[in-house]
Amino acid sequence: MRPYSGRLSWSLLPNRLSELLEEQRRAGIPVLDLTISNPTEAFPAYPHGRIAQAYAGIGDFTYRPDPFGQEQARTAIAAWYGERGIEASPDQLALTASTSEAYSLLFKLLCDPEDEILIPVPSYPLFEYLARLEAVKTVPYRLLYDGSWFIDFASVRAAISSRTKAIVVVNPNNPTGSFLKIRERATLLDLAGLHGLPIISDEVFMDYSFGHSKDLARTLIGQDDVLSFSLNGLSKAAGMPQVKLGWIAINGPGDARTEAHARLELLLDTYLSVGTPVQSALASLLETGVEVQKQIVARVAQNRGVLASMLLDSPVHILHAEGGWSAILQLPDILGEESWSARLLSEYHVLVQPGYFFDIPGEAHVIVSLISDPDVFGEGIRRLRRLSGC
């Protein structure tokens, strides 16, 4: 009899890229890492001192547990939204230790074992892990590309079953960088309302758009025809993954929101996972996060410029994106993604992520992080172009 849960049935063996990377490191070969997504490592001018000051300014560490988080912290988040022209009330906010925890809580709130949630494909592979740990099944719906990404609503409709309990959207999506459009948001809300399905909207990259198109729908906050949950947190909003604070904004009709609020309170009170210090320092952390965000925006713009100039007249195509921290590069279809990625690492010592990590359809795609060090990024893209034949 096995001693472990079937929810942990994933293979524990390293993949080919992991093995190659370990070989390079053991041999002492410097690797140009174009996958880095951690702002605390990506920016030499990261404001460690200001974050320390925010915590040093806390004069009261008394533990006053509140399932939804301290009112002063929720008020700070509501003000943060207000600065972006988004009206959010502290009463509709619930603090969590991370966006991942927010997903787990919402899956508990909405699903029984073996129920289903609809997830976008391509997107980051976190959903399957989080869902299976809650004994919930993921059912994909498609994002399609025809020069830009869009939701294939026929695939959403086809995926809905009697066991479907929620639709997940990532806005903007990672790694495609595609925002919901106003028209798509309206269709999504109509479809969810027709089937009585709540929407979980991951909006962590909300502030990282590449332009100011009025066609982009940045959030579901304020869209109250259908029950929905908007997720965000300091990891991306302030470039502070280390301080561990996320939040859920509950949206929807009054009665539905009230019931969700009451049921979520029981879950939150069971864990009480958010620490007092981060809540007490939150207003200062959000203020410091404005400067971190400026660094991220500038770095992303710089590296996007590098891509555009270095890959001009090359066989490598940059897929259109509207925001986020990533870029998808389409390589010549003469090799598979794993072969491209493995050759780039073993022969040119550059680490990228193959498209199949994110279920990107077709061949051959790799994903690079736009917050990588500019010198590393430029040299890595130069080597990628050389491998692709130009």
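The values are calculated or read from the model by the stated rules, or taken from the named source; none is laboratory data. Fair warning: this is a prediction, and the values are worked out from it, not measured in the lab. Quick reminder, even Gly has a Cβ in these numbers, built from the backbone with ideal geometry, and neighbours come from all protein chains shown.
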* Structure fact -> If we ask which residues in the range 354-373 are surrounded by 21 or more Cβ atoms within 10 Å (Cβ to Cβ) and under 17 Å from residue 307 (Cα atoms), their number turns out to be 8
* Asked: Hey, does the range 102-109 have a residue that's modelled with pLDDT of 95 or more, in the same structural domain as residue 243 (by TED's automatic domain parsing) and in contact with a Lys or Arg (Cβ under 9 Å, 6 or more places away or on another chain)?
  -> yes
* List the number of the failed condition for residue 201; all other conditions in (1) crowded, with 18+ Cβ neighbours inside 10 Å; (2) assigned to a strand (DSSP E or B); (3) in contact (Cβ under 8 Å) with a residue 60 or more places away in the chain; (4) not charged (D, E, K, R) hold. => (3)
* Which of the following residues is in contact with a Pro (Cβ under 8 Å, 6 or more places away or on another chain) and either among the basic types (Lys, Arg) or assigned by TED's automatic domain parsing to the domain that holds residue 206 (or both): 68, 61? -> 61
* Asked: Which of the strands (runs of 3 or more DSSP E) contained wholly in the range 96-178 include at least 3 residues that are surrounded by 18 or more Cβ atoms within 10 Å (Cβ to Cβ)?
  -> 116-121, 137-145, 164-170
* If you take the residues of the range 315-337 that are surrounded by 16 or more Cβ atoms within 10 Å (Cβ to Cβ) and at pLDDT below 95, which of them is nearest to residue 356 (Cα to Cα)? -> 337
* Is it true that some residue in the range 76-85 is in contact with a strand residue (DSSP E or B) (Cβ under 9 Å, 6 or more places away or on another chain), of a type outside the set (Val, Ile, Thr), closer than 21 Å to residue 264 by Cβ and part of a loop (DSSP other than H, G, I, E, B)? -> no
* To do: List the number of the failed condition for residue 282; all other conditions in (1) surrounded by 17 or more Cβ atoms within 10 Å (Cβ to Cβ); (2) in the same structural domain as residue 384 (by TED's automatic domain parsing); (3) among the aliphatic types (A, V, I, L, M) hold.
  => (2)
* Does at least one position in the range 333-344 carry a residue that is touching a residue at least 60 places away in the same chain (Cβ under 8 Å), assigned by TED's automatic domain parsing to the domain that holds residue 27, among the hydroxyl-bearing types (Ser, Thr, Tyr) and not in a helix (DSSP H, G or I)? -> no
